[in-house]
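Everything on this sheet refers to the single structure shown next.
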2 protein chains.
Amino acid sequence: MEVFEFLSDTQGKSLSTLASDLNQSPATVYRILVTLGGRGLVEFDQVDQVWNIGARAFVIGSRFLRRTSLVERARPFLRALMEESGETANIGIEQDGHVLFVSQVETRASIRAFFPPGTLSRLHASGIGKALLAEMDMQRFEKFLARAPLESFTEFTLTDRDALLEDLQVTRQRGYALDGEERNLGMRCIAAPVFDIHGEAVAGISVSGPTSRVGLDQVSRLGQSVLAAAGKLSAAIGGKSKQQMP
Amino acid sequence: MEVFEFLSDTQGKSLSTLASDLNQSPATVYRILVTLGGRGLVEFDQVDQVWNIGARAFVIGSRFLRRTSLVERARPFLRALMEESGETANIGIEQDGHVLFVSQVETRASIRAFFPPGTLSRLHASGIGKALLAEMDMQRFEKFLARAPLESFTEFTLTDRDALLEDLQVTRQRGYALDGEERNLGMRCIAAPVFDIHGEAVAGISVSGPTSRVGLDQVSRLGQSVLAAAGKLSAAIGGKSKQQMP
DNA sequence: TTGCATTTTTCATATGATGAAAAAGTCTTT
DNA sequence: AAAGACTTTTTCATCATATGAAAAATGCAA
């Protein structure tokens, strides 16, 4: 199991590299790989003599998205958002202090942001992440903070607790979050939370694109679009934000 | 491991149901689930008291698609194909006698075919499947046949070996495959193979839609579009069909 | 409160995971 | 072709842990 997970983080490695990295005997790792291979969870690349994640893992993992209809229902809204904004539209959820990107509708523009499904990105340095953080109660937020330091990705990343809290306050008032080159230089992302029937923010919707197209003068316009799309999806799943709760 | 895989096939089950289905003691299954749960590979739904595939499995499985750049490179072609045809464009690969759908670009049309990533469908009753079968040598084809009977899904499904062979012959001559309500009544799918640098058919591209829009009079037109898109993707990855091999 | 079903924990035993070592395979150099 | 180095695969004895039975805990309905 450890081999399986390690392999997913650092794919395309030989048996001896894996054994060395995992500090386990090659014989053990070999047998695990062969067992996993027999089930299709990993695959051996004969050409390069390396091991990779297998198709069966993809099939199994895909089942994760089928537990709710959220992603399926989100797709028309994501498409409309992509078309309205001209940028790639994403939906992501919170997972262990990270945003997990689960689905995208890509723009046709030649320079585009793309986070393939399965991408993990730190909450504090992500539009969707901050939209979700802004909806957390302080207890949960403190728990998030205690998990790991606020890692710096660019000069713009918010690594100070108070700076982050202030940003989240602005996010709540504004209704949408802005990742202004905090994760990747030259990229901006605007996101809003999606609420379920309990008033919980269960996902975030965003548009992301290069700073050349998503200038600061575009943020407000795109923010309204994202907010509207997130609101429509929330409504579509019978959701409402806490302000609308009785 | 067996629990993990079983859970992906039949999600949302309670501990005792799983234990009964797997013919294992509840204690064993419980501990396996708890171990898998600790790693995020499965998750317990407190509300319904059932176990589901977890986010970590999705993350790991997603790595399967990152082994090659095929899917990423295919997306622009899929998008163009969707826009040209007005139908949902898919890319799938062969996996253990099935088509594994790995990515889609959905149409906006109100009635649409959608096979979420991770969907498995029998080769012989699928456009992509038949496009790939048509490129197999007889040895591999016989191996495919020996694997399982040609299951019938609709009255149109090809369940006779000779009928299938004839269809594949037509597919080869024509360049594209047609699934004419063979998997789902009311649905048609047109597909063509994508070749790699070795001249191997490594994937299939298709458009699929309801018979109301994909009438028999549309098949030839759409076939040309699919064929062109598959050809472009093949060229983009340095691929060529066997006929083009020296 | 009682009874029943399900889940969770404990415990003794059996199974199989483990690493060392040997065997086999692969590649490069002479 | 032979030798050497390295990697992978198989064998084997040992021990760690997976297993199921049983007990304890929890949850739900009457």
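The values are calculated or read from the model by the stated rules, or taken from the named source; none is laboratory data. Keep in mind it's a predicted model, so treat the numbers as computed, not measured. Note that each Cβ is placed from the backbone with ideal geometry, even for glycine, and that neighbours are counted across all protein chains shown. These area figures cover heavy atoms from the full protein model, side chains too; ligands, DNA and RNA do not enter into them. Shrake-Rupley method; radii C 1.70, N 1.55, O 1.52, S 1.80 Å.
Checking the a/c ratio against 1.5 first, then a/b against b/c, what shape does the Cα gyration tensor give for the stretch B:157-206? In terms of gyration-tensor shape, oblate. Rolling a 1.4 Å probe across the protein heavy atoms gives the stretch A:20-132 an accessible surface of 39 Å² per residue. With helices as the sole contributors, the protein assembly as shown gives -12500 deg cm²/dmol at 222 nm; each DSSP H run of n ≥ 4 counts as -39500 (n - 2.57), and the sum is divided by every residue.
With the convex hull drawn around the C-alpha atoms of the protein assembly as shown, the volume per residue stands at 176 Å³.
Annotation for A:G38, label-to-label distances across the other copies: 2.5 nm (shortest first, one decimal, point 7 Å from Cα along Cα→Cβ). Charge dipole (Cα centre; +1 on Lys/Arg Cβ, -1 on Asp/Glu Cβ; no other charges) of the stretch B:68-244 amounts to roughly 460 debye.
Between the stretch A:9-56 and the stretch B:1-70, the C-alpha centres lie 21 angstrom from each other. Residue and whole-Å distance for the chain A Cβ lying nearest the axis of the A-onto-B rotation are A:G61, 1.
Summing charges over neighbours of B:V102, with a neighbour being any other residue whose Cβ is under 14 Å away from its Cβ, gives +4 when K and R count +1 and D and E count -1.
Counting only other chain Cβ atoms within 10 Å of each residue's Cβ, the peptide A:73-84 averages 1. Measuring between their Cα centroids, the stretch B:81-109 and the stretch B:210-225 lie 15 Å from each other.
The mean count of C-beta atoms from other chains within 10 Å of the C-beta of residues in A:219-229, rounded to a whole number, is 0.
Positive contributions from Lys and Arg (+1) and negative ones from Asp and Glu (-1), summed over other residues with Cβ under 14 Å from the Cβ of B:L15, come out at -2. Other protein chain C-beta atoms within 10 Å of residue C-beta, averaged over A:47-56: 4. Label-point spacing for A:V170 across the identical copies (point 7 Å from Cα in the Cβ direction), in nm and ascending order: 6.4. Once the Cα atoms are used to define both axes, helix A:138-147 deviates from the longest principal axis of chain A by about 30 degrees. Between copies, A:S110 shows label-point distances of 3.8 nm, shortest first, with the point placed 7 angstrom from Cα along Cα to C-beta. For chain B, the longest principal axis of the C-alpha atoms and the axis of helix B:219-236 are separated by about 70°.
Taking amide hydrogens as placed 1.01 Å from N in the peptide plane, the amide H of A:D45 sits under 5 Å from those of A:V50, A:W51, A:N52, each at least 5 positions away in sequence or on another chain.
A cut-off under 11 angstrom between Cβ atoms defines the neighbours of A:E87, and their net charge, with Lys, Arg +1 and Asp, Glu -1, is +1. The 3J(HN,Hα) values that the Karplus relation (6.51, -1.76, 1.60; θ = phi - 60°) gives for the stretch A:167-172 are, in residue order, 4, 5, 5, 4, 4, 5 Hz. Gly and Pro appear as x.
What the phi angles of the stretch A:33-46 give under the Karplus curve with 6.51, -1.76 and 1.60, with θ = phi - 60°, is a coupling list of 4, 5, 5, 5, x, x, 9, x, 6, 10, 9, 9, 8, 4 Hz, glycine and proline written as x.
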